[in-house]
Amino acid sequence: MGHHPGIMMRPKIFLSVVVLSGPLPIGAQIVLTGTSYLQDFANLSTGLPTGWSVRKDASATSLGSAQEFTPAAVSWTDTIGAFKNLASATGMTGGESTVAQGISVDRALGIRQGGTFGGDPGAAFAININTTGLTLISLSIDIMMLSVQARSTDWTIDYGLGMSPASFAPLGTYPDPGIFGTVTFAAGGASLGNMDNQSDVWIRIVALEATSGSGSRDTMAIDNVHLVYSPVPEIATCGLLTGLAAFAWMAVHRGRRPRRICSQ
């Protein structure tokens with residue numbers, strides 16, 4: 001097709017659209033929003049939640065190495081050493097069948113330490129969070145004994161700061177209770193203060209010491225990890241207009257003294 005003289009033809013612009021299949025990548029850290037975070041592991045059959053990792057070779061100076069997680073549900077009495085998707089103890093008595101455990105929608109992230117598998121010591125559940133702009137108020141974790149065996153493990157709840165912490169501060173412990181059921185660990189107030197307004201916080205439930213006794217190892221798990229927090233209070237700052245700003249103020253306002261300025 002021709003065109004009339006004097007009429008400028010606009011070049012055609014072709015846009016290409018790339019369609020991505022599948023979900024977009026999800027970051028490995030949780031950026032906290034709102035005023036609370038609750039992880040109940042209800043979707044554990046699809047894999048670990050964002051921000052969570054399971055680790056071996058953890059120590060007082062190392063996060064340990066992240067491990068692959070098999071999300072298929074198994075029973076409390078499964079003897080294979082591994083991190084596991086288990087039925088939560090909530091509402092259970094300990095005598096439920098394998099079938100009943102398998103169909104339970106209330107899940108927990110657990111482990112059975114093992115000689116070949118390892119994790120004795122050094123097994124850890126870890127969560128990585130960003131608390132920028134926030135003050136932590138409370139932390140609670142349901143820690144569950146699901147299969148009582150002859151060996152005993154004492155677990156430590158601690159935290160470290162930075163992308164790869166080389167030191168950790170203890171929040172408390174979960175000593176082996178020796179009976180089926182749940183103990184709710186809770187911390188708050190000053191014990192959480194160092195985690196406020198940080199770009200990288202790691203909270204762990206970790207076996208820092210080897211099991212005591214002999215024979216088989218327990219199966220334990222965690223559930224209902226609950227963080228409550230609030231925005232960091234803004235600090236009011238006040239000062240006088242100075243220098244050229246003060247001179248300009250007096251010029252405009254006929255020699256009156258500079259006003260005091262504040263920001264909240």
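Assuming 0.36 nm per residue, please report the length gained on full extension of the stretch ALA150 to VAL232 beyond their Cα-Cα distance. Could you put the intermediate results ahead of the total?
On the way: separation 82, 0.36 × 82 = 29.52 nm, distance 4.66 nm.
Stretched out fully, the ALA150 to VAL232 stretch lengthens by 24.9 nm.
Grab the other residues whose beta carbon is less than 14 angstrom from that of LEU161, score K and R as +1, D and E as -1, and report the net.
Computed value for this residue: -2.
What FRET efficiency comes out for the pair SER212/ILE103, r = Cβ-Cβ distance, R0 = 22 Å, nearest 0.05? Walk me through the numbers before you get to the answer.
Values: r = 35 Å, r/R0 = 1.59.
Here the calculated transfer efficiency is 0.05.
For a footprinting-style exposure proxy, rank LYS56, LYS84 by other Cβ within 10 Å, fewest first. Can you show the working numbers first?
Working: LYS56 20, LYS84 25.
Lowest count first: LYS56, LYS84.
Please list 28-40, 140-152 highest first by mean number of surrounding beta-carbon atoms within 10 Å per residue.
140-152, 28-40
Starting from the 7 Å offset along Cα-to-Cβ, what nm value, one decimal, do you get for the label separation of THR116 and LEU38?
4.0
Taking a label point 7 Å from the Cα of ALA66 along the Cα→Cβ vector, which residues of the stretch 144-160 have an amide N closer than 13 Å to it?
Under cut-off, by backbone N: nothing.
When only C-alpha pairs under 8 Å and at least 6 residues apart count, what is the relative contact order of the stretch 79-204, in percent? Spell out each step's value before the answer.
Working: 217 pairs, mean separation 39.7, N = 126.
Contact order relative to length: 32 percent.
Could you rank the peptides 112-121, 164-173 by their average count of other C-beta atoms within 10 Å per residue, with the highest value first?
Details: 112-121: 18.0, 164-173: 14.2.
Descending packing order for the listed peptides: 112-121, 164-173.
Of THR90, GLY193, PRO49, which is farthest towards the positive pole of the stretch 30-231's charge dipole, taken about the Cα centre with +1 and -1 on the beta-carbons of Lys, Arg and Asp, Glu respectively?
PRO49
Decide, for the stretch 30-231, between rounded, prolate and oblate: order the square roots of the alpha carbon gyration tensor eigenvalues as a ≥ b ≥ c, take rounded if a/c falls under 1.5, and otherwise choose prolate if a/b is larger than b/c, else oblate. List each step's numbers first, then the result.
On the way: a/c = 1.77, a/b = 1.41, b/c = 1.25.
Since a/c reaches 1.5 and a/b is larger than b/c, the shape of the stretch 30-231 is classed as prolate.
Values quoted throughout were computed directly from the atomic coordinates according to the rules given, and no laboratory measurement underlies them. Computed from a predicted structure; not experimentally measured. Note: ideal-geometry Cβ built from the backbone for every residue, glycine included; neighbour counts use all protein chains shown.
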